[in-house]
1. Step by step: first the residues of the range 72-118, then only those that are of a type in the set (D, E, K, R) and touching a Ser or Thr at 6+ places or on another chain (Cβ under 7 Å), then the one that is farthest from Gly10 (Cα to Cα). Which residue is that?
2. Would you call Lys87 of a type in the set (Lys, Arg), more than 22 Å from Val133 (Cβ to Cβ) and over 14 Å from the mean Cα position of the chain (by Cα)?
3. Residues of the range 30-40 being buried (at least 16 other Cβ atoms within 10 Å of the Cβ) and over 20 Å from Asp70 (Cα atoms), which ones?
4. Here are Leu134, Leu161: which of them is in contact with a Phe, Trp or Tyr (Cβ under 7 Å, 6 or more places away or on another chain), farther than 24 Å from Gly85 by Cα and free of Cβ contacts under 8 Å to residues at least 40 places away in the same chain?
5. Would a scan of the range 142-155 turn up a residue that is more than 14 Å from Phe61 (Cβ to Cβ) and either touching a helix residue (DSSP H, G or I) at 6+ places or on another chain (Cβ under 9 Å) or basic (Lys, Arg) (or both)?
6. Free of Cβ contacts under 8 Å to residues at least 60 places away in the same chain and either surrounded by 15 or more Cβ atoms within 10 Å (Cβ to Cβ) or touching a strand residue (DSSP E or B) at 6+ places or on another chain (Cβ under 6 Å) (or both): is that true of Ala82 in this structure?
7. Might you check whether a residue that is within 21 Å of Ala22 (Cα to Cα), touching a strand residue (DSSP E or B) at 6+ places or on another chain (Cβ under 7 Å) and in a helix (DSSP H, G or I) occurs anywhere in the range 156-165?
8. Which helices (runs of 4 or more DSSP H) does the range 65-121 wholly contain that include 1 or more residues that are in contact with a helix residue (DSSP H, G or I) (Cβ under 6 Å, 6 or more places away or on another chain) and within 17 Å of Met173 (Cβ to Cβ)?
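What follows is calculated from the coordinates using simple rules that are stated; it is not laboratory data. Here the structure is a predicted model, which means the values were calculated and not measured. All Cβ positions, even for glycine, are placed from backbone atoms using ideal geometry, and neighbour counts span all protein chains on display.
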Amino acid sequence: MARVAFLGLGVMGFPMAGHLVAKGHEVTVWNRTPAKAEAWVAKHGGESASTAAKAAEGADFVMSCVGNDDDLRQVCLGPDGAFAGMKAGAVHVDHTTVSAQVTRELAAIAAEKGLAFVDAPVSGGQAGAENGVLSVMCGGEAADYARAEPVIAAYARICRLMGPVGAGQLAKMCNQIAIAGLVQGLSNRCILRRKRGFRSRMSSR
């Protein structure tokens, strides 16, 4: 089992970090709102830290699941960021849905510090996170992915390496476009059916 830090305990991160404990990993969490970290510890055990850097100290893997590009930069960089606390050779696995640009930017900084970086956005929503059946699309070096995949498996139904750093985010973008197109198509179909039903009722009067 591994020492893992989990950064970000929102509707996705909270249950994801819980699955890590259930699988026997040693987990330290951090959240910008300390009360959420305290609630997580009360429910799942483990430990909480006052900064992302302290949570990352000594961890083999640092998982993050935050809001957007700027949030991810703040979590990773600076004296209180995860990169400041990570040991050489540790792997940062980012589950946030962000741009491929910020992913590549942070991966380059991580490499300069002797750290590995895998972008791993998820699909499946809150229910998928709670039930541990997320789909995870990863980008990074094959060796880094091979190290991280058994840990990610704690909350994943399927996990695949899509290509180099940034490929996970590009795959997630394609996934979201396909879903948006499907939803729009279904919405248009429903609207047409309603219009036809309305016209049918009017013609029968």
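1. Asp80
2. Considered against the rule, which asks whether it is of a type in the set (Lys, Arg), more than 22 Å from Val133 (Cβ to Cβ) and over 14 Å from the mean Cα position of the chain (by Cα), Lys87 comes out as yes.
3. Listed by number, the residues that qualify are Lys36, Ala37, Trp40.
4. Of the residues listed, the single one that is in contact with a Phe, Trp or Tyr (Cβ under 7 Å, 6 or more places away or on another chain), farther than 24 Å from Gly85 by Cα and free of Cβ contacts under 8 Å to residues at least 40 places away in the same chain is Leu161.
5. Within the range 142-155, none of the residues are more than 14 Å from Phe61 (Cβ to Cβ) and either touching a helix residue (DSSP H, G or I) at 6+ places or on another chain (Cβ under 9 Å) or basic (Lys, Arg) (or both).
6. No.
7. No, the range 156-165 contains no residue that is within 21 Å of Ala22 (Cα to Cα), touching a strand residue (DSSP E or B) at 6+ places or on another chain (Cβ under 7 Å) and in a helix (DSSP H, G or I).
8. Answer list for the range 65-121: 69-76, 100-112.
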